[in-house]
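The values are calculated or read from the model by the stated rules, or taken from the named source; none is laboratory data. Just so it is clear, the structure is predicted and the values come from calculations on it, not from any experiment. Cβ sites come from the backbone with ideal geometry, for glycine too, and all protein chains shown count toward neighbours.
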Amino acid sequence: MRRVVRRALAGLLALALLLGLALLVLVRRNLPGRDGGRIASLDAAATADLDDRGVATVRAATVEDALRVQGFLTARERAFQLEILRRTAAGRLAELFGASALPLDRKHRLYGFARVAEAAVPLLPARERADLEAYAEGVNAGFASRRGRLGLEFALLRTEPGTWRPADSVSVLLLMYEQLTDDTGADTGMEELARLPEPIRAFLAPRATADDVLLVPDAIPPGPPPLPVLDAGALRALPQAARLAAPEEEGVAGSNAFAISGSLTRSGKPILAGDPHLGLEMPGIWLPMRFAVAGRTAEGVTLPGLPALTIGRTDLVAWSFTNLEADVQDLFRERIENGRARRGEGFEKVAERTETIRVRGGKEETLVVRSTSNGPLLEGDLALRWTALDPANLCVPNGDFLRAADEAAFLATFDAFTGPPQNVVWASASGAIGWRPAGLLPRRREGTDGSVPYDAADPANGWRGFVPMSDLPRVVDPPEGFVVTANQRTIGTSFGTVVSADWGHPGRARRIRDLLRGRKAAGTPMTRADAEAIQLDERSETMRRTAAALRPFLPADLARLLDGWDGTADASSARYLVARALRRAVREKALAAWKAPAVRWHLEGDNWNDLLEAGDAAFRAAGLGPRDAFLAGAAADAVSALEERWGKERARWTWGEANRLAARHPLGRVPGLSWLFDPPRPQQPGAPGTPRAASPSFGQSLRWIVDWGAPEEATLVVPFGVSGHVGSPNRLDQLPYWREGDPGGRATRLSRPPSGEPIRFSP
């Protein structure tokens, strides 16, 4: 019997070795070398130097040729990512992954991203179309040069990428718009809140606070958010909420960007720092790249699928984006009778189309999409108006960053951006710094802000065009010597148009501003290393206040743990973990008392700490009962939740364990393949409410710093690496520097010497 077992084990071992060897062969076969190739549409020969991290410097005679080579190199390193992006936008993931992908496919068929992109391309200015065509030519040349060797993923799925077209690039743009602006539940959530007493609504959804970090002032500065004061029968009269708020992450990660005037820096020149916070995935969302075109240089990152740079610097200007948090989606309640939607005294026909979704390993599914002039019907009779779904609103002017002849021409490029409004923070070689919004801002009916659904039958509720780009505010060289954006309310009421009813919490912006003010007050000139230290700051004043208010109600060991805590989200400590649990418990207990619905996007903010720090009378007035009893109950709930999740041995509790990196590769979700495709899962310091915004699958998608005193030493790091190929040395090589930082700036310098012979391209 033993002999049989030994033979069986030997056989299994041999089989495992054979499978391992086969996998190794597949991996090595799909790794790109230094082979370039022919791109038929090239106007002249071009090259690409690769450094030791795989970052390419494209050298070409014209911008169009540079974009062709860029497309080729993107196909070389990120072919599977391009295919996934295209299929995601088109609602065709189920063709590869089966029924598990159907919910996402249904959503994108409903939005009609592929249709919108197709319709948008002919409407683009001629130069933008030419840029997209040049990029597509390069992508397809890259596909052709490595047909059958484009990636392990293609081999395992037994598929090949289709032809890349300009509309596919527009689809990639739409996916980014979706991540930045799609929050269709916000309007219905505010509608649910409307049934609550006004004092509770005002507390849960404050529109402005005195602590906002504004770049455009308020006409009348607001006071602190009011604490709820309820009459005796208000709570008893409320119906039971259909659903109570589930535990959610505190804060919503967004992006940071700041610019520092040369008057405050060691070099005497401006510093620009940016770290957009987006979903963390494998491969990374950005592709670092450099350009040398017609005697000009440019460097930064591109979105795979889009030409030129999205964030970066030229010889003239360095820039970064943060989400303005502008509301560019509205819901309209349609009154539909016999397939027609009411419009005033008349009707319009409701359009219908049928989408067929093919499902790998299953039956194909048909989806009937109904829409009105307001947009697709999401559920029931609720139509979505969204700037992203109008082909006339789309643009891809990125190539003009590489063409601008002077600073004024470069900054004017942002006037062509017609997508979801972004904060642009910039610093120039000439010494100027500034901020401006860029994008389409809807004009709405007077006295409304789009925060709740409109009655579609009333023609007066429709949009009234957009705010002209020339009317949007901007700041250049502010007296304080710096500008800061971190998704906070940047535009006050002195600007006549309502921008948003749902800004990001100002905690990150306040912390960055205070750190800059502190360094300014100390009189120590700032450096690139100081900017990185701010990007990696892990302190949350919001959490510190929460912990301090509830500390007296905790068991002695946890109370001691929080003694003197400054709000730092240290991975090795349990303090931030405990503070977060306390905040969640307070929210849950208050919302249950108020019978409030789950509207998580309105649960951040200092109003909760203002309540915690109030006296007993305020708690009783808010319908929460005696203060000490309420807080003791919340503390007990928090401890129970922590013990249930992490065990009773408190010495083993750490924030880092709860905050492990959990980025996924599309094939990492396939049973048995996570070990091969997913990246490591290190513990992470920082948290969504700190400048170092870190959660398991959302956080700093890059860190970018330019000191114009030495622009050639600009640093950039992404979470993983340039390559999307399993087995590539450049797939994960940037992870240590993304996690630990690089104070000296040597490991993350974007401009580095070439490694090996250049890749050559010929017409």
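Among the residues of the range 343-359, those identified as modelled with pLDDT of 95 or more and either within 30 Å of W435 (Cβ to Cβ) or basic (K, R) (or both) are K349, R353, R358.
Has the range 580-591 got at least one residue that is touching a residue at least 60 places away in the same chain (Cβ under 8 Å), farther than 28 Å from D563 by Cα and surrounded by fewer than 22 Cβ atoms within 10 Å (Cβ to Cβ)? It would help to see each step written out before you state the result.
Residues of the range 580-591 touching a residue at least 60 places away in the same chain (Cβ under 8 Å): 580-581, 583-584, 587-588, 591.
Okay, now just the ones that are also farther than 28 Å from D563 by Cα, so 591.
Those still in the list that are surrounded by fewer than 22 Cβ atoms within 10 Å (Cβ to Cβ) too: 591.
Yes, there is a match, as at least one residue in the range 580-591 is touching a residue at least 60 places away in the same chain (Cβ under 8 Å), farther than 28 Å from D563 by Cα and surrounded by fewer than 22 Cβ atoms within 10 Å (Cβ to Cβ).
Restricting the range 83-93 to residues that are out of contact with any Pro (no Cβ under 6 Å at 6 or more places or on another chain) and part of a helix (DSSP H, G or I), the residue that is surrounded by the fewest Cβ atoms within 10 Å (Cβ to Cβ) is A90. Among the candidates F677, F698, the residue that is touching a Leu at 6+ places or on another chain (Cβ under 7 Å), surrounded by 18 or more Cβ atoms within 10 Å (Cβ to Cβ), over 20 Å from R78 (Cα atoms) and at pLDDT below 95 is uniquely F698.
When you look at V170, is it in contact with a Ser or Thr (Cβ under 7 Å, 6 or more places away or on another chain), in a helix (DSSP H, G or I), β-branched (V, I, T) and crowded, with 22+ Cβ neighbours inside 10 Å, yes or no? Taking the combined requirement at face value, the residue does not satisfy it.
Restricting G745, G686, G699, G756 to those that are over 22 Å from E532 (Cα atoms) and of a type outside the set (V, I, T) reduces the list to G756. Tallying residues that are of a type outside the set (A, V, I, L, M), touching a residue at least 60 places away in the same chain (Cβ under 8 Å) and part of a strand (DSSP E or B) within the range 309-352 yields 14.
Rundown of residues vs (1) among the small types (G, A, S); (2) modelled with pLDDT under 90; (3) assigned to a loop (DSSP other than H, G, I, E, B); (4) in contact with an Asp or Glu (Cβ under 8 Å, 6 or more places away or on another chain), yes/no style:
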| residue | (1), (2), (3), (4) |
| --- | --- |
| Y177 | no, no, no, no |
| T188 | no, yes, no, no |
| L196 | no, yes, yes, no |
| A210 | yes, yes, yes, no |
| P221 | no, yes, yes, no |
| P226 | no, yes, yes, no |
| Q240 | no, yes, yes, no |
| L244 | no, yes, yes, yes |
| S263 | yes, no, no, no |
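Taking R201, is it over 23 Å from L110 (Cβ atoms) and without any contact (Cβ under 8 Å) to a residue 12 or more places away in the chain? Steps first, answer last, please.
Numbers: over 23 Å from L110 (Cβ atoms): yes; without any contact (Cβ under 8 Å) to a residue 12 or more places away in the chain: yes.
Considered against the rule, which asks whether it is over 23 Å from L110 (Cβ atoms) and without any contact (Cβ under 8 Å) to a residue 12 or more places away in the chain, R201 comes out as yes.
When the residues of the range 725-746 are filtered to those that are of a type in the set (A, V, I, L, M) and at pLDDT 95 or above, which remaining residue is nearest to T47 (Cα to Cα)? Across the range 725-746, the extreme among qualifying residues is L732. Scan the range 66-81 and tell me whether some residue there is touching a strand residue (DSSP E or B) at 6+ places or on another chain (Cβ under 7 Å), farther than 18 Å from V293 by Cβ and of a type in the set (S, T, N, Q). Taking every residue of the range 66-81 in turn, none turns out to be touching a strand residue (DSSP E or B) at 6+ places or on another chain (Cβ under 7 Å), farther than 18 Å from V293 by Cβ and of a type in the set (S, T, N, Q). Against the condition part of a strand (DSSP E or B) and crowded, with 17+ Cβ neighbours inside 10 Å, how does L384 come out, does it pass? In short, yes.
Within the range 752-761, can one find any residue that is under 30 Å from V425 (Cα atoms), touching a residue at least 12 places away in the same chain (Cβ under 8 Å) and in a loop (DSSP other than H, G, I, E, B)?
Narrowing the range 752-761 to residues under 30 Å from V425 (Cα atoms): 752-753.
If we keep only those that are touching a residue at least 12 places away in the same chain (Cβ under 8 Å) too, we end up with 752-753.
Cutting the leftovers down to in a loop (DSSP other than H, G, I, E, B) gives us 752-753.
Scanning the range 752-761 turns up at least one residue that is under 30 Å from V425 (Cα atoms), touching a residue at least 12 places away in the same chain (Cβ under 8 Å) and in a loop (DSSP other than H, G, I, E, B).
Considering only residues in the range 453-481 that are assigned to a helix (DSSP H, G or I) and either in contact with a helix residue (DSSP H, G or I) (Cβ under 7 Å, 6 or more places away or on another chain) or without any contact (Cβ under 8 Å) to a residue 60 or more places away in the chain (or both), the one that is surrounded by the most Cβ atoms within 10 Å (Cβ to Cβ) turns out to be M469. If you go through the range 35-61 and pick out every residue that is farther than 14 Å from S762 by Cα and either assigned to a strand (DSSP E or B) or not aliphatic (A, V, I, L, M) (or both), you end up with 8.
The sole residue among D557, D570, D530, D537 that is surrounded by fewer than 16 Cβ atoms within 10 Å (Cβ to Cβ) and more than 30 Å from T188 (Cβ to Cβ) is D557.
Kindly indicate whether A126 is surrounded by fewer than 18 Cβ atoms within 10 Å (Cβ to Cβ) and without any contact (Cβ under 8 Å) to a residue 24 or more places away in the chain. Taking the combined requirement at face value, the residue satisfies it.
Taking the range 704-728 as the range and being over 30 Å from R149 (Cα atoms) and under 23 Å from the mean Cα position of the chain (by Cα) as the test, the residues that pass are W704, I705, V706, A714, T715. You will find that of A641, A632, the residue that is under 13 Å from A549 (Cβ atoms), part of a helix (DSSP H, G or I) and in contact with a helix residue (DSSP H, G or I) (Cβ under 7 Å, 6 or more places away or on another chain) is A632 and no other.
Just checking, does the range 420-429 include any residue being more than 24 Å from F466 (Cα to Cα), crowded, with 19+ Cβ neighbours inside 10 Å and among the polar types (S, T, N, Q)? Yes, the range 420-429 contains a residue that is more than 24 Å from F466 (Cα to Cα), crowded, with 19+ Cβ neighbours inside 10 Å and among the polar types (S, T, N, Q).
Kindly check whether there is at least one residue in the range 614-626 that is within 32 Å of the chain's Cα centre (by Cα) and either on the phi > 0 side of the Ramachandran plot or among the aromatic types (F, W, Y) (or both). Quick ask: steps written out before the conclusion?
Step one: list which residues in the range 614-626 are within 32 Å of the chain's Cα centre (by Cα), which gives none.
Looking through the range 614-626, none of the residues is within 32 Å of the chain's Cα centre (by Cα) and either on the phi > 0 side of the Ramachandran plot or among the aromatic types (F, W, Y) (or both).
With R519, R544, R528, R513 as the choices, which residue is in contact with an Asp or Glu (Cβ under 8 Å, 6 or more places away or on another chain), basic (K, R), at pLDDT 95 or above and under 26 Å from F203 (Cβ atoms)? Just one listed residue meets the conditions, R544. For the range 515-524, the criterion of being surrounded by 23 or more Cβ atoms within 10 Å (Cβ to Cβ), touching a strand residue (DSSP E or B) at 6+ places or on another chain (Cβ under 8 Å) and within 21 Å of V706 (Cα to Cα) is satisfied by no residue at all.
Each residue in the range 286-308 was checked for being hydroxyl-bearing (S, T, Y) and without any contact (Cβ under 8 Å) to a residue 60 or more places away in the chain, and 1 pass.
For Y576, the conditions (1) touching a strand residue (DSSP E or B) at 6+ places or on another chain (Cβ under 9 Å); (2) part of a loop (DSSP other than H, G, I, E, B); (3) crowded, with 17+ Cβ neighbours inside 10 Å all hold with the exception of (2). Residues that are surrounded by 23 or more Cβ atoms within 10 Å (Cβ to Cβ) and of a type in the set (A, V, I, L, M, F, W, C) were ranked within the range 94-119; the one that is nearest to G37 (Cα to Cα) is A117. Against the test of being in a loop (DSSP other than H, G, I, E, B) and in contact with a strand residue (DSSP E or B) (Cβ under 6 Å, 6 or more places away or on another chain), the options G672, G686, G625, G709 yield a single qualifying residue, G686.
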